[in-house]
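Only one structure is covered here, and it is reproduced in the block below.
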């Protein structure tokens, strides 16, 4: 009988060890599967992050180039502003207005017309930049100058903010 108990005890221990090994095997397989899925997700995430980094690098290079271009344009604009300030400091508009007001009016209207044309072109209104002078910029026929002050009273190559409308519906 002792042998029978010993055999039963041995079978119980072997069964317990076998069940423990089976549980360990199944949990290990489940952990391996989970880790494989997580690894696949991480690989996709790394690929996406590398694409994002490359995109950011290209955008940074593009922004640096645009910034460089803007800096060059700013320097040109500042130089032009300095030139205009220099010219304006040399002029005495009050004396010139008293001496020959019609010519000064023509020059001022012409310069304003040129600015309007430039505004229209810069904002994409190419058709508007070719329309005739607005009424408030029309100059008298008595020889007042154009935008360059050359005495051309009919300069129709400028525009205004007014637009022509057609009656066609």
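Take residue 117 and decide whether it is surrounded by 16 or more Cβ atoms within 10 Å (Cβ to Cβ), at pLDDT 60 or above and under 32 Å from the mean Cα position of the chain (by Cα). In short, yes.
Report whether or not residue 32 is under 44 Å from the mean Cα position of the chain (by Cα) and either touching a residue at least 60 places away in the same chain (Cβ under 8 Å) or assigned to a helix (DSSP H, G or I) (or both).
No, not satisfied.
The values are calculated or read from the model by the stated rules, or taken from the named source; none is laboratory data. The shown structure was predicted, so the numbers you read here are calculated from the model rather than taken from an experiment. No Cβ is skipped: glycine too gets one built from the backbone with ideal geometry, and neighbour counts run over all protein chains shown.
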